[in-house]
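In what follows, a single structure is set out as structure tokens and then discussed.
The values are calculated or read from the model by the stated rules, or taken from the named source; none is laboratory data. This is a predicted model, so every value here is computed, not measured. Note: ideal-geometry Cβ built from the backbone for every residue, glycine included; neighbour counts use all protein chains shown. We work out accessible area using only protein heavy atoms, side chains counted, and drop any ligands, DNA or RNA first. Shrake-Rupley method; radii C 1.70, N 1.55, O 1.52, S 1.80 Å.
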Amino acid sequence: MNFDYLAPDLGQMEEHFTLIYYDQRGAGRSTLISDPDLLNVEAHVTDLEAVRQHFNIDKVTLFGHSWGAILASFYVLEHSDKVAKMVFASPGPPRFYPYLSQIRSSIMAWMDDTKRDEIDRLMAARQDSTVSARKSCIDFWEPFIRGYFSDPYDLDLIRCMRGDFCAGPEEALRNGAVVGTHTFASIDDFDLRDRLQHIDLPVLLITGTGDIFPEESMYEWETAYPNSKLVLLDGAGHYPQVERPEVFFQVVRDFLRDSPE
């Protein structure tokens with residue numbers, strides 16, 4: 001997705017630190033790519049390194065949300081000398097099996113059969129090129145996002161989320177599924193747990209106890225990174241910066257307070 005899904009809800013971090021966002025290849029305002037040979041984790045790592053070089057930053061602090069934590073981990077395996085710290089907010093798991101295969105069922109666990117049928121219909125409608133990609137995207141995410149929250153029935157809280165999943169050019173919205181499919185196909189059997197044992201950088205792992213990824217996967221991250229700190233927030237799911245902002249941002253600020261602003 002483009003960074004507009006995330007950036008608007010990180011405003012409190014921008015008050016204290018300089019944040020650099022970028023749209024990953026094939027997404028948002030970046031060049032649209034559909035060639036599977038150009039949509040793999042190695043290419044994403046190369047792009048992230050290009051961003052660091054472009055801004056001439058000696059050592060970056062990486063903030064990775066969800067898939068971003070997986071990408072940051074592949075990046076640090078190649079460029080550990082270019083990273084100062086990492087913050088993983090509701091990180092995707094450190095291995096493909098069994099966690100990634102369970103995502104859809106976890107997100108849709110709150111739904112009854114009628115709602116599931118509606119989601120299937122809205123998903124299919126996103127492939128209809130005769131309909132506005134932004135409209136079909138909005139129609140889909142309005143009910144689907146509820147499964148990412150600790151309480152899918154707290155609509156007032158869910159509507160506090162400012163991130164826009166459907167920002168960007170129409171062509172990019174249609175290309176998102178292609179990017180995701182090919183990118184994850186390139187790492188469909190990944191397991192980072194043993195490979196990260198030598199990475200001694202400070203890593204903050206922060207997520208909600210109601211996240212779409214089980215706590216077991218968070219403990220695996222904690223074990224994989226020898227210098228990590230895990231913070232689990234009650235009453236939060238996949239977007240703790242929205243659900244528990246007062247705690248989330250305080251924890252992140254405390255972790256980063258010694259980093260360059």
2 or more residues in contact with a strand residue (DSSP E or B) (Cβ under 6 Å, 6 or more places away or on another chain): qualifying helices (runs of 4 or more DSSP H) within region 185-261: 215-224, 245-256
Members of region 12-32 that are farther than 27 Å from residue 252 by Cα and either open to solvent by 30 Å² or more (accessible area, probe 1.4 Å) or part of a helix (DSSP H, G or I) (or both): 25, 29, 30, 31, 32
Filter result (open to solvent by less than 70 Å² (accessible area, probe 1.4 Å) and among the β-branched types (Val, Ile, Thr)) within region 79-117: 83, 87, 103, 107
From the options 84, 69, residue that is among the small types (Gly, Ala, Ser) and touching a Lys or Arg at 6+ places or on another chain (Cβ under 8 Å): 84
Checklist (1) in contact with an Asp or Glu (Cβ under 8 Å, 6 or more places away or on another chain); (2) open to solvent by less than 40 Å² (accessible area, probe 1.4 Å); (3) more than 20 Å from residue 190 (Cα to Cα) applied to residue 75, failing item: (3)
Evaluation of residue 199 against (1) open to solvent by 20 Å² or more (accessible area, probe 1.4 Å); (2) more than 25 Å from residue 104 (Cβ to Cβ) (one fails), failing number: (1)
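Report the residue count in region 162-171 for those that are open to solvent by 30 Å² or more (accessible area, probe 1.4 Å), part of a loop (DSSP other than H, G, I, E, B) and not basic (Lys, Arg).
Here is the first cut: in region 162-171, the ones open to solvent by 30 Å² or more (accessible area, probe 1.4 Å) are 162, 164, 168-171.
Right, trim to part of a loop (DSSP other than H, G, I, E, B) and you get 162, 164, 168-169.
Keeping just the survivors that are not basic (Lys, Arg) gives 164, 168-169.
Final tally of qualifying residues: 3.
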Criterion (within 22 Å of residue 102 (Cβ to Cβ), open to solvent by 50 Å² or more (accessible area, probe 1.4 Å), free of Cβ contacts under 8 Å to residues at least 12 places away in the same chain and not hydroxyl-bearing (Ser, Thr, Tyr)) met by exactly one of 120, 188, 151, 128: 120
Out of 9, 58, 37, 4, sole residue that is part of a loop (DSSP other than H, G, I, E, B) and either open to solvent by less than 70 Å² (accessible area, probe 1.4 Å) or out of contact with any Cys (no Cβ under 7 Å at 6 or more places or on another chain) (or both): 58
Region 94-152: number of residues that are touching a Gly at 6+ places or on another chain (Cβ under 8 Å) and assigned to a helix (DSSP H, G or I): 4
Any hit, region 172-185, residues being open to solvent by less than 50 Å² (accessible area, probe 1.4 Å) and in contact with a Phe, Trp or Tyr (Cβ under 7 Å, 6 or more places away or on another chain): no
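Output the residue which, of all residues in region 172-189 that are of a type outside the set (Gly, Ala, Ser) and in contact with a helix residue (DSSP H, G or I) (Cβ under 8 Å, 6 or more places away or on another chain), is farthest from residue 136 (Cα to Cα).
Start the filter on region 172-189 by keeping residues that are of a type outside the set (Gly, Ala, Ser), which leaves 173-175, 178-179, 181-184, 187-189.
From what is left, the residues that are in contact with a helix residue (DSSP H, G or I) (Cβ under 8 Å, 6 or more places away or on another chain) are 173-174, 182-184, 187.
Values: 173: 10, 174: 10, 182: 22, 183: 23, 184: 24, 187: 29 Å.
If we take residues in region 172-189 being of a type outside the set (Gly, Ala, Ser) and in contact with a helix residue (DSSP H, G or I) (Cβ under 8 Å, 6 or more places away or on another chain), then 187 is farthest from residue 136 (Cα to Cα).
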